[in-house]
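K.L.:
Got a structure for you, written out below as structure tokens; questions coming shortly.
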Amino acid sequence: AAGAPAAITTTTTTTAPDDVDMYSTTRPILFREFVEGIARIAVFAFSGVIPRLAPAEAFKRLMSGTISPNHSPAADPGSFEGLVAESATRAAFDKAAPQLRAAFKAFATSNGRLYLRDFLRLLSAAGAKAPPPVGLGLSHNAALKVLVVGSFDETEEGAGNTTPLDMDASLLDTDMLWSEFLGALGHLALSIKPADIPDAAPEPAEGGEATDSAASPNTDTVEVEAKEREVEKVEVEATRTASAPSAQIGDERPATAASVITDATEPEPVSLGGHLEVMFKRLKLSEAAKSQSSRKRGVPRRPRA
């Protein structure tokens, strides 16, 4: 009919529910995507330079002239680079250097590159999955989330949750050099904090029978008695402090037992070096290196029947 309105044709692009929206502002990016973004910015920033710079030279100039001067580990002691530069962290790495180098050499390629899949195999062979205090209770999924996403929440692990490999299966082909290997271990230690992981509860005796109370006293009773003795000791010290003359001029407030107890029960946080020491004690790196070296040498296969 002449009076009928013209039909409007629209084109709609749909995305499957399981596809990743590449343009979403909330999509996490991988490290190589982050580096590629900086490289693209560098090429654009120096596009007016004549003669035209190679992408590698443009990237180098952007890093040395703009990014590095504005990001200094020394200016931010709380950054990861600043924590790695601490003496306690360097001492932990130096102390474990022989077993670390043996493990890296055993699992890396001949040209000194360690693939992420082999890094996970190294952790598994060293007993990282075993529960504390034997191991770290660290699963492959947790390690991947720490290294790729930057953090891991134990409450998020379970059925229905995506893993970094769901987004990019080629992650396992990512390789790392020696310094990046140490950085990966540092990130794991800083995230899972091995020194703060409580030991697993003791398993019950065989047959489910309770142990003899005389041979094994009640743990709660022992802890309560220990706390009572500690409080008594602190109160005695507080009384002595209160009776002693104050060494600070103008401060006439005597120390109380409550204040002393509060100060005594606030331990200082463990440093990255402390967490690394606990991690290296629980990981059987030397055994993992020997096992992998034996596999590399090869074991003669049995002839097929």
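K.L.:
Under the Karplus relation 6.51 cos²θ - 1.76 cosθ + 1.60, θ = phi - 60°, what is the ordered set of whole-Hz ³J(HN,Hα) values for the stretch 269-278, x standing for Gly and Pro?
P.N.:
Ordered by residue, 3J(HN,Hα) equals x, 6, 6, 4, x, x, 5, 5, 4, 5 Hz.
K.L.:
Check which residues have an amide H placed less than 5 Å from Tyr115's amide H, if you skip close sequence neighbours.
P.N.:
Residues meeting the criterion, in which the H sits 1.01 Å from N, are Thr109, Met176.
K.L.:
For the ranges 84-95, 111-122, 136-147, 30-41, what's the packing order if you count other beta-carbon atoms within 10 Å of each residue, average per peptide, and put the highest first? Please list the in-between numbers first.
P.N.:
On the way: 84-95: 15.3, 111-122: 17.5, 136-147: 20.6, 30-41: 12.8.
Ranked from most to least packed, the peptides come out as 136-147, 111-122, 84-95, 30-41.
K.L.:
Compute the distance in nm between two label points, each set 7 Å from the Cα along the Cα-to-Cβ direction, one at Arg27 and one at Met167.
P.N.:
1.0
K.L.:
On to the next question. Modelling each spin label as a point 7 Å along the Cα-to-Cβ direction, I'd like the Ser79/His140 distance in nm, to one decimal.
P.N.:
3.4
We did not get these values from a lab; they are worked out from the coordinates using the rules stated. None of these values were measured; they are calculated from a predicted model. A quick note on method: Cβ atoms are made from the backbone with ideal geometry, for glycine too, and the neighbour counts reach across all protein chains shown.
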